[in-house]
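Peer 1: Handing you this structure, nothing more for now.
The values are calculated or read from the model by the stated rules, or taken from the named source; none is laboratory data. All of these numbers come straight from a predicted model, not from anything done at the bench. When we count neighbours, we look across all protein chains shown, and the Cβ atoms used for this are built from the backbone with ideal geometry, even at glycine.
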Amino acid sequence: MNILFISYAEVSLRKGEGGVRAAGMLHALADAGHRVDLVVPYTDLPDHPHIRVLIDSGDRPVRRAKLRMAGRRAMWRGSYDAIHASDEAVFFAMRLCRWKKIPLVYAATRCFSGKAASRRSGPGRFFPKHLNRLEARVLERADVVFSSCSALTADLCGVDRDARIMQLEDIPAQPLYVRRDADKSILSSEEPALRSSKRPALSPSKRPALSPSKRPGPVVVCSVLPGHTVRVRQLLMAARKVIDVVPGAVFFFKGAPQRLAEKMAANLDITDHCIFLSPDEPEPFFSALGLADAVLMVPHGESRYIHPQVYTLLQAGVPLVTLQDAAYDEVLTEKTAVRVLPNSDSIAEGLLRVIREPLFSLAIALEGQQLVATRHTYSSFKHKVRMTYHDLVPRNP
C-alpha cells in the first residue's frame, strides 16, 4: 500500500517519548513493505527505504500551513491507498480522503469535544459546538480509529457510538532505542559518564560527590510526567528524607524544572546526590534506568489517559513507586507498583520500602515486566497495525 502519514506533532525519538507511538506505527508499516510518505513538522528518525519525508524541516519545525500545502501537493501528484492522521491533523486529512475517496485511519490520543475533552487551544475554545460536530464527523468518516487506552475509547464512543475503534495500547520505548549498558561504578568515577549525542549527561559539576573507595548506594530515578501538579519541593524533601536514612543514595530527576529544582536541592543540601536529566535527551535517561534500584513516577494529576512512559518504567525491571492516580488503576495495581500519597513522607516511605525489602522489590519488578510482556509488546503492536491496514485492502470477488 501507498500511505500518506500526516501529523502536526513532531515525530522524534530524541524529544521526549511523544514520538514513540508514531515511530512504532511508521516502522510497523514500512517494515511490512508499505510505502509511507511523511508530512510532519519535524522528524529525526533514521533513514528507511520505505519511508519518504516530503518536506524538509531542517532544524526548525515546519508551520501547519506549509504542511497542509505539502499534503495537497502529495495528493495531487501521487496515488495513495490510505491516509494515516493523528490528532488535529485528522480534520485536514478528512477533506483529502473525501476528495480522493480513500480510507482514513485516525490515530487518536485525546478527545477534542464533550465533557472529557482535553484543554482546548486555538479556534476550538471559541466554537466548542462546531468542534463537537467536526469531531463526530471525523469519527463517522474514519475507517479505523486507534485508541491508546480504555478511558479514551469510552470518551470517543461518547462522541460517536458507532465509531470503528481499535484499542491499540502504548508500548515501552526501549525497543526503539539503542541503549548502552552502564554500571554503578561510573557514579564514583572521575571519567565523564552516560554521554548523550550532544553533551555529557553527568558533567563533573553535577555528578554525586561519592568517594571512589565507597560502594555506590541505591539509585532512584524520578520521572515527572508533563503537566504534573505535585510540587517539586515535595519530591526533593522526600529525597532528603531518603538520604538521611541511606546516605549513599543518588537521585536522577527527569522532567522537573531544572533551575528551580537545583536551587531547592542546594537549600536542602542534597545537590551532591541529585542529577537532573534533560527531557529531550533519552539516552542518559535509559542509562539511568539501567542503574536504578527504584523508580518514582509522578503522573499528570488532571489527565484521564495513561501516559506512555509508564510502560517504559515497567519494562525497566526495577520496582516502581507511583503517586496515586485513578487513571492508572488498570495498569498499576498492588502487584505492579507501590502507590503512595502526594506528600514527602509517603513518597519517602515508599522508596525506603523498596530499597530495604529486596524480595518484595523483585516481585514488584517482575510483575511489571510480565504485564508488559503479556499486553504491551512491540511485536504485538506491529502485528495489530499491519492487520488493520491489511483489512483496508479491498478484496477481489
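Peer 1: I need the full set of residues from the stretch 128-153 which are farther than 21 Å from Phe381 by Cβ and either outside the structural domain of Ala85 (by TED's automatic domain parsing) or without any contact (Cβ under 8 Å) to a residue 24 or more places away in the chain (or both), in order please.
Peer 2: Listed by number, the residues that qualify are Pro128, Lys129, His130, Leu131, Arg133, Glu140.
Peer 1: Going residue by residue through the stretch 226-236, is there one that turns out to be modelled with pLDDT of 90 or more, closer than 30 Å to Leu168 by Cα and either in the same structural domain as Phe112 (by TED's automatic domain parsing) or under 25 Å from the mean Cα position of the chain (by Cα) (or both)?
Peer 2: No, the stretch 226-236 contains no residue that is modelled with pLDDT of 90 or more, closer than 30 Å to Leu168 by Cα and either in the same structural domain as Phe112 (by TED's automatic domain parsing) or under 25 Å from the mean Cα position of the chain (by Cα) (or both).
Every residue, every condition in (1) modelled with pLDDT of 90 or more; (2) buried (at least 24 other Cβ atoms within 10 Å of the Cβ); (3) farther than 22 Å from Leu13 by Cβ; (4) aliphatic (A, V, I, L, M), yes or no:
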position	(1), (2), (3), (4)
Gln258	no, no, no, no
Asp272	yes, no, yes, no
Glu283	no, no, no, no
Asp293	yes, no, yes, no
Leu320	yes, yes, yes, yes
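Peer 1: Look at Val318 and say whether it is of a type in the set (Val, Ile, Thr) and under 19 Å from Ile243 (Cβ atoms).
Peer 2: Here the answer is yes, as Val318 does meet what is asked.
Peer 1: Counting only residues that are surrounded by 21 or more Cβ atoms within 10 Å (Cβ to Cβ) and either assigned by TED's automatic domain parsing to the domain that holds Val224 or assigned to a loop (DSSP other than H, G, I, E, B) (or both), how many does the stretch 35-53 have?
Peer 2: Adding up the residues that qualify gives 1.
Peer 1: So, of the residues in the stretch 65-105 that are touching a Phe, Trp or Tyr at 6+ places or on another chain (Cβ under 6 Å) and charged (D, E, K, R), which turns out to be modelled with the lowest pLDDT?
Peer 2: Glu88
Peer 1: What number of residues in the stretch 329-348 are surrounded by 18 or more Cβ atoms within 10 Å (Cβ to Cβ) and farther than 24 Å from Arg233 by Cα?
Peer 2: Matching residues across the stretch 329-348 total 3.
Peer 1: Give the number of residues within the stretch 58-88 that are in contact (Cβ under 8 Å) with a residue 40 or more places away in the chain and surrounded by 15 or more Cβ atoms within 10 Å (Cβ to Cβ).
Peer 2: Going through the stretch 58-88 one residue at a time, the tally reaches 14.
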